[in-house]
């Protein structure tokens, strides 16, 4: 595979790994090409909360010195890390003044440990909103148009991949923080089933919803990461390539459809037409009305879990926290124990019902955002498209 030295940054992770494995490319040369891209582009995109060029090249030199038998599957591949995952060799600041002076962690988070053990270059920490819980505040811009938001809260993780600064990155999702940035930046974003990827060493908003997720520019790269994190071990039977011809595909507008704007509606209609013309068996599926309760139930559950998560931070120094975090912790409008249990039980019932619906189809398509990336960096956009997150199901955007 002939690739110009000036275009190494365009390689997918799978392509770069193949070249490194066959000694056609060194980890150092690959890292240098990506750093050149960062120097050229990141002043406009601002995808990185922390990046140390010398540390990156030091990692690459160590990896190049390893004999072939000690090299992992991600040997020499650069991965961006959302700045809420602890890292032993770089600070984690959560885009919060409370942690502005924090140093390196004593140990890596679980996700970073898996990546590092596989030979990845931990390239840097990507921009996010405060504790990955706000829809405002990220300094990152959309690489396709710097006047527009990249979405959030995994802003920098999606933008860095979309801008060819790294081939892979990890983010997290509570509501739409993986799928919305993927949509806004035009990259693949994969949120696995809740609980299948460890959140140890990660800032938590909601223990019953938070899920690490992956960004890439190709499906092959997502499959690469899924295998690395042992997600294929959950399969009860081997996967086979799915032919679109004859595939049963459900289009589910969900409760947010009245909010959908022209960009989402146009993409929806185009997808319908293209899949039908290709030979798919397309069906419009209307969810039962009780699914409309899901946003309220999810809001109750997530708010209570976030309140518990942020209480220690608020007690530490409330003046260094976003006003919305303080307001949540100090709010007296707390749901009763009965209401909280009803919300948990209601969501659990919907999950079982969703599984019955999903079992009838090969693919279910739902909106990932209500429109294209909005102009302005004040907000990362609405997190209205949260049904898959609330139901803890795997999602590809």
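Okay, here's what the table says:
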{"read-out": "Beta bridges per DSSP with both ends in the stretch 5-234, % antiparallel, nearest 5", "value": "65"}
{"read-out": "Kirkwood estimate for the stretch 319-379, i.e. one over the average of 1/r between Cα atoms, Å", "value": "16.3"}
{"read-out": "Sites residue 337 and residue 107 - FRET efficiency at Förster radius 41 Å, r taken between beta-carbons, to 0.05", "value": "0.65"}
{"read-out": "Residue exposure sequence - 294, 385 - by fewest surrounding Cβ within 10 Å", "value": "294, 385"}
{"read-out": "Rounded if a/c under 1.5, otherwise prolate or oblate - the stretch 38-118, Cα gyration tensor axes", "value": "oblate"}
{"read-out": "The stretch 57-179 - convex hull of alpha carbons, volume per residue in Å³", "value": "113"}
{"read-out": "For the stretch 192-228 versus the stretch 316-366, the gap between their alpha-carbon centres in whole angstrom", "value": "19"}
{"read-out": "Mean Cβ count within 10 Å, highest first, over the residues of peptides 10-21, 32-43, 176-187", "value": "176-187, 10-21, 32-43"}
{"read-out": "Extension gain from residue 196 to residue 50, taking 0.36 nm per residue of separation minus the Cα-Cα distance", "value": "49.8 nm"}
{"read-out": "Column: log10 I(q)/I(0), Debye, Cα scatterers of the stretch 131-255, q = 0.16, 0.18 Å⁻¹", "value": "-0.86, -1.04"}
{"read-out": "Rounded to 5, percent antiparallel among DSSP beta bridges of the chain", "value": "55"}
{"read-out": "Approximate shape of the stretch 5-234 as ellipsoid semi-axes (Cα gyration tensor, √5λ), whole Å, largest first", "value": "24, 19, 17"}
{"read-out": "Residues 6, 255 arranged by fewest to most Cβ contacts within 10 Å", "value": "6, 255"}
{"read-out": "Cα→Cβ-extended label distance, 7 Å offset, between residue 348 and residue 4, nm", "value": "5.9"}
{"read-out": "Proportion of all alpha-carbon pairs of the stretch 279-386 beyond 21 Å (%)", "value": "57"}
{"read-out": "Gain on full stretching of the segment that runs from residue 270 to residue 21 - 0.36 nm per residue minus C-alpha separation", "value": "85.6 nm"}
{"read-out": "Pairs of Cα atoms farther than 37 Å apart, the chain, %", "value": "21"}
{"read-out": "Footprinting exposure proxy for 284, 227, 148 (fewest neighbouring C-beta atoms within 10 Å first)", "value": "284, 227, 148"}
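Throughout, read-outs are computed from the coordinates displayed, never taken from laboratory work. On a predicted model such as this, the values are computed, not experimentally measured, just so you know. All Cβ positions, even for glycine, are placed from backbone atoms using ideal geometry, and neighbour counts span all protein chains on display.
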